[in-house]
Amino acid sequence: MLFRKIMGVFLVSTFVLLMFTNCTANKIPKGRLEVETQFGYNGTVKISTGNPLVATIKNNGPAFEGELQIEVEDSMMSKVIIAQPFEIAENATKEIAIDVPLYIIQKSFKVNVTSKEKKLYEETIKASKVLSPDRRVMAVVTDTPDAYRFLENTKISGGYVDPGMYKYAQSQYGGSMVTTQETTTLELQNLEVLFFDSFDQLDSAEKLGFFNFIYIGHNQSLSISEEVENNLQKWMTAGNALVIETGADYKKTSSVLPESLNPIEISGIENKQIKNLWYSLPLDDAIDLATTNAINSIDTAIIEFEGTKVGAKTTVGNGSVITLFVNMALEPIASWNSKAPFVEAILGTYAINSNYQAIDPYYVSQFQYLVQQVPSDKQPPYIFMVIILGIYIFLVAPVAYFVLKKMDKRDFAWIGIPLLAVVCVITMYTFGLGTRHNNAIMNSISVLTAKEEESFMNVTSDIMIFNNERNKLKIEWSNNENLKLNNVQMDAYYMYNADPNAGKTEKKITGKITRGNTNIYEKYNAGLWGSTYISGDKKIPFETKKMIKMKIIDDKVSISVTNTTPYELKDAFIQWGMGNIFIGDLAPGEEKSIDQEISKSLYVNFETFLDKEMGLKPFDYMNPPTKEQQKDNRRFEILLQRYVYYNQQYMPTGSSNNNIDEVKLCAMNYQDVGYEIKVNDQETEDFVTNIIEITTKIAFDKGAEVRIPKGIVSPTVLYYLDDKYINIGTYEYQSYDQYYRLYEQGILEFDYQIPFGMEVSKVQIELGEVFNEQDYYNIANGQAATPKKDIKYKIFNAKDSIWEEIDRKLVITDSKYIRDDGHILFRADVRGDQGEYSYAQMMKAPSISIEGRVK
């Protein structure tokens with residue numbers, strides 16, 4: 001009887017529960033949503049940031065708010081959801097787009113449409129082709145795509161050098177070398193070419209990340225917004241190339257392109273009979289060529305063959321704008337059967353960014369590893385803890401024992417001692433709250449750069465977020481903040497060299513990235529105090545008056561610096577050419593003047609400068625550091641990374657600053673630059689370090705006598721191996737001690753440009769001695785060393801177009817050694833007596849002083 005009552009109650013309760021709670025599955029009516037998806041470019045995707053997913057959603061039911069989601073694998077074992085929120089009206093159709101990052105080889109992708117965490121639609125889509133991140137892709141923007149199909153036959157490689165480039169180098173730099181052997185090139189691969197009729201599909205930094213080249217062809221109605229222009233500039237700075245055509249259509253090009261994307265001013269058109277437009281590429285026809293008054297300079301290289309200017313390269317950061325002076329879509333070029341080899345030669349020789357070879361692939365930015373180190377500013381209250389423990393011991397041992405013994409209540413010790421222990425622990429915990437981090441930590445290092453003539457300051461930031469919760473991480477930031485999340489940090493090999501789809505194990509979803517007015521990154525398996533890297537950039541308003549005034553009289557430089565910014569400038573110094581002059585701290589509105597002898601203060605390596613002027617030196621890890629030493633060591637590492645290691649990685653020509661027409665004020669700062677980031681629904685605890693760099697143009701009056709001492713002007717460096725021009729990688733420049741490390745036996749060429757349009761009266765050059773590695777290390781250790789013999793030093797005689805052998809030290813007063821464009825060239829032939837075997841040869845960097853009058 002009792003059993004029946006119990007079963008009855010159970011059944012009734014179950015019925016009530018099912019009636020009054022929504023336990024049944026919410027079935028989606030069939031046909032509620034009709035979804036059509038397109039992923040990639042005709043099914044082609046690339047391991048990059050900008051793979052477009054476009055979903056056209058037809059809603060046959062009531063209005064709802066939902067998300068378009070795609071599941072992307074970010075490791076061999078896990079995947080993340082990329083989501084785009086949307087709203088759709090009743091019985092409406094809407095197109096939703098997401099820029100999808102691809103981290104590893106993945107061919108199948110699950111796409112979902114959800115609402116309130118319920119799936120309304122799911123589909124598995126497949127990519128027809130997956131490109132590796134080093135595969136070069138070109139976007140051709142034109143309204144006549146058939147005229148540019150020839151680009152699909154173009155082959156390119158990161159190590160490509162056009163066979164005719166040696167002759168070009170010879171004519172450009174005044175050389176007299178003769179190519180006697182066939183040019184060897186790295187294996188070429190077909191360029192992946194995609195066609196667009198506008199920039200609508202290239203309107204974000206993520207989409208541009210898919211491409212290495214953008215070719216702007218004939219287009220009658222091209223429109224480029226300010227946002228696209230800014231994105232293209234950043235894209236080029238990262239090492240990519242924009243190619244534009246002029247020729248007979250140059251006025252149309254000028255009308256549709258902003259100045260930053262069309263840097264070469266075209267003066268007119270010349271119809272010229274051309275036999276060969278490029279090496280071994282016969283044309284034998286009259287074509288319209290755009291003409292320009294632009295000349296070779298630090299940022300501009302005129303592309304010329306046999307006296308005919310066919311284009312120009314303008315350097316933009318690590319990338320470039322290639323301006324062709326012909327229009328490939330107009331006759332007779334349109335019918336020319338060598339269009340593809342011509343573009344291939346131009347791109348391979350002038351548009352390939354070779355600097356990537358020196359960049360560490362495990363870090364995407366220069367300060368990424370430093371922001372992993374949080375400055376320690378909180379210490380446990382050790383003295384307070386000792387005092388509390390002493391009091392506890394005193395109360396537990398003598399006091400408790402004698403008091404309870406006298407009261408004959410020793411049994412109370414079973415309660416009193418644990419109670420005292422609890423009070424002690426609570427006291428230490430309460431007073432220790434202020435000595436530990438409770439909120440998530442945001443550690444940032446930013447570089448703020450500005451030019452006095454501009455009204456804004458560029459900010460680039462490396463940010464590391466440290467999570468303050470276990471198994472949960474949520475990072476939020478406004479869509480107005482240009483922040484990029486690098487949620488995958490792993491060995492580059494496994495990112496694309498292994499196919500994760502080969503395994504049958506279902507990958508676990510470990511995170512979600514939601515794009516919208518507020519961007520949200522969630523990680524479900526986050527560890528306590530685990531780190532997440534974010535890169536950011538922004539522009540902030542910047543208005544300043546003239547900050548730097550400089551005078552040079554003989555060997556003395558007088559510099560006056562006024563801090564007209566709202567920032568406190570700490571450890572400020574001036575960079576001029578290869579030299580550094582210390583200024584000190586400058587509060588807003590403060591002015592300082594410095595007088596120094598240039599020859600005694602400039603020509604030292606940067607580490608010596610930091611030690612001498614700021615008291616910063618390498619840290620002795622054998623002794624425990626004090627708090628101040630930790631702070632000093634952090635400043636030391638940040639400054640070295642910016643001004644030594646950064647130059648070594650990104651400026652392999654060995655020139656930290658070729659343009660001495662400018663001086664740069666550099667300083668450290670610790671003020672917030674204004675990124676609004678929330679972590680786990682809370683504000684972050686911030687550690688901010690900034691480097692501020694403000695560049696000022698300097699000029700001298702016409703007729704002024706100027707003496708530029710050694711240690712200021714730096715050369716552009718080329719390296720020849722026998723009769724060949726070798727790409728970056730044959731040598732390295734060590735900016736910390738100003739030595740070249742030469743891995744092969746060849747010829748090092750130094751190209752100096754005379755500044756300020758000077759009429760030179762005297763040049764003094766001191767070319768460096770060459771040592772094998774052992775002797776180089778002996779010098780570093782203060783031991784005797786013997787330079788190598790049979791090293792030949794030469795200077796180019798521009799008047800007679802010959803190379804003349806010279807002594808290592810030389811005074812030049814004859815103008816025949818100065819080219820018409822104001823360049824002086826020297827060479828060091830290190831192919832002499834090799835002596836004992838050495839893995840590398842070490843050559844001290846040359847130094848030059850220049851005297852003359854400003855024209």
Mind checking whether some residue in the stretch 370-378 is under 47 Å from the mean Cα position of the chain (by Cα), modelled with pLDDT under 70 and more than 30 Å from V644 (Cβ to Cβ)? yes
Of (1) at pLDDT below 90; (2) assigned by the TED database to the domain that holds A241, Y356 satisfies all except one. Which? (2)
What do you reckon, is A340 assigned to a helix (DSSP H, G or I), at pLDDT 85 or above, closer than 22 Å to K155 by Cβ and open to solvent by less than 60 Å² (accessible area, probe 1.4 Å)? yes
Quick check on I322: is it modelled with pLDDT of 90 or more, among the β-branched types (V, I, T), within 21 Å of H218 (Cα to Cα) and crowded, with 21+ Cβ neighbours inside 10 Å? yes
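Identify the residue in the stretch 408-421 that is open to solvent by 80 Å² or more (accessible area, probe 1.4 Å) and modelled with pLDDT of 75 or more and, among all such residues, is nearest to F394 (Cα to Cα).
Going residue by residue through the stretch 408-421, those that are open to solvent by 80 Å² or more (accessible area, probe 1.4 Å) are 408-412, 414-415, 419.
Checking the rest, the ones that are also modelled with pLDDT of 75 or more come to 414-415, 419.
Values: W414: 17, I415: 17, L419: 14 Å.
Applying the filter and picking the extreme gives L419.
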Of all residues making up the stretch 542-577, the number that are within 28 Å of E705 (Cβ to Cβ), open to solvent by less than 30 Å² (accessible area, probe 1.4 Å) and assigned to a loop (DSSP other than H, G, I, E, B): 2
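Here is a check on your reading of the model: is G822 at positive phi and open to solvent by less than 40 Å² (accessible area, probe 1.4 Å)? Walk me through it before giving the result.
Numbers: at positive phi: yes; open to solvent by less than 40 Å² (accessible area, probe 1.4 Å): yes.
For G822, the condition - at positive phi and open to solvent by less than 40 Å² (accessible area, probe 1.4 Å) - is met.
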Tally, over the stretch 69-99, of residues that are more than 20 Å from I125 (Cα to Cα) and either touching a Cys at 6+ places or on another chain (Cβ under 8 Å) or open to solvent by less than 20 Å² (accessible area, probe 1.4 Å) (or both): 2
Mind listing just one residue for me: the one in the stretch 113-144 that is surrounded by fewer than 16 Cβ atoms within 10 Å (Cβ to Cβ) and under 30 Å from L347 (Cβ atoms) and, of those, farthest from the chain's Cα centre (by Cα)? T144
Which one of D775, D800 is farther than 23 Å from K710 by Cβ and open to solvent by 60 Å² or more (accessible area, probe 1.4 Å)? D800
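Going by the structure shown, is N212 in the same structural domain as L324 (by the TED database), surrounded by 18 or more Cβ atoms within 10 Å (Cβ to Cβ) and either within 28 Å of the chain's Cα centre (by Cα) or among the small types (G, A, S) (or both)? Before you say what the answer is, go through the steps one by one.
Working: in the same structural domain as L324 (by the TED database): yes; surrounded by 18 or more Cβ atoms within 10 Å (Cβ to Cβ): yes; either within 28 Å of the chain's Cα centre (by Cα) or among the small types (G, A, S) (or both): yes.
Considered against the rule, which asks whether it is in the same structural domain as L324 (by the TED database), surrounded by 18 or more Cβ atoms within 10 Å (Cβ to Cβ) and either within 28 Å of the chain's Cα centre (by Cα) or among the small types (G, A, S) (or both), N212 comes out as yes.
Can we say L748 is open to solvent by 20 Å² or more (accessible area, probe 1.4 Å), outside the structural domain of I598 (by the TED database) and of a type outside the set (K, R)?
On the way: open to solvent by 20 Å² or more (accessible area, probe 1.4 Å): no; outside the structural domain of I598 (by the TED database): yes; of a type outside the set (K, R): yes.
In short, no.
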Being of a type in the set (G, A, S) and modelled with pLDDT under 90 is the filter; apply it to the stretch 233-266 and report the residue that is nearest to S297 (Cα to Cα). S260
State whether one or more residues within the stretch 758-771 are modelled with pLDDT under 90 and open to solvent by less than 60 Å² (accessible area, probe 1.4 Å). yes
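Taking the condition of being open to solvent by 20 Å² or more (accessible area, probe 1.4 Å), under 10 Å from Q69 (Cα atoms) and of a type in the set (A, V, I, L, M), how many residues in the stretch 100-112 meet it? It would help to see each step written out before you state the result.
Narrowing the stretch 100-112 to residues open to solvent by 20 Å² or more (accessible area, probe 1.4 Å): 103, 105, 107-108, 110.
Then drop every residue that is not under 10 Å from Q69 (Cα atoms), which leaves 110.
Keeping just the survivors that are of a type in the set (A, V, I, L, M) gives none.
Residues that pass the stated criteria total 0.
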Per the filter on the stretch 288-310, residues farther than 20 Å from V321 by Cβ and touching a strand residue (DSSP E or B) at 6+ places or on another chain (Cβ under 6 Å) are D288
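Looking at the structure I just gave you, is K789 more than 34 Å from the chain's Cα centre (by Cα) and closer than 26 Å to G577 by Cα?
Numbers: more than 34 Å from the chain's Cα centre (by Cα): yes; closer than 26 Å to G577 by Cα: no.
No: the conditions fail for K789.
For the stretch 640-673, give me each residue that is assigned to a helix (DSSP H, G or I) and modelled with pLDDT under 55. Can you show your working first?
Applying the first criterion (assigned to a helix (DSSP H, G or I)) to the stretch 640-673 yields 640-650.
Selection gives Q648, Q649, Y650.
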Residue hits (the stretch 173-232; under 30 Å from E805 (Cβ atoms) and either at pLDDT 80 or above or not in a loop (DSSP other than H, G, I, E, B) (or both)) are Y173
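Would you mind finding the one in D288, D284 that is without any contact (Cβ under 8 Å) to a residue 24 or more places away in the chain, open to solvent by 40 Å² or more (accessible area, probe 1.4 Å) and not in a loop (DSSP other than H, G, I, E, B)? Before the answer, list the steps.
Details: D288 fails: without any contact (Cβ under 8 Å) to a residue 24 or more places away in the chain.
After applying the criteria, what remains is D284.
Can you give me the ranges of the strands (runs of 3 or more DSSP E) entirely in the stretch 742-855 with at least 1 residues that are without any contact (Cβ under 8 Å) to a residue 60 or more places away in the chain and closer than 22 Å to I660 by Cβ? Write out each step before concluding.
Details: elements: 747-753, 758-766, 770-772, 792-797, 802-806, 809-812, 823-829, 841-844, 847-854.
Qualifying strands (runs of 3 or more DSSP E): 792-797, 809-812.
The values are calculated or read from the model by the stated rules, or taken from the named source; none is laboratory data. All figures in this text were calculated on a predicted structure; none of them were measured in a lab. All Cβ positions, glycine included, derive from the backbone under ideal geometry; neighbour counts span all protein chains shown. Quick note on the areas: whole protein, heavy atoms, side chains included, nothing else; ligands and nucleic acids left out. Shrake-Rupley method; radii C 1.70, N 1.55, O 1.52, S 1.80 Å.
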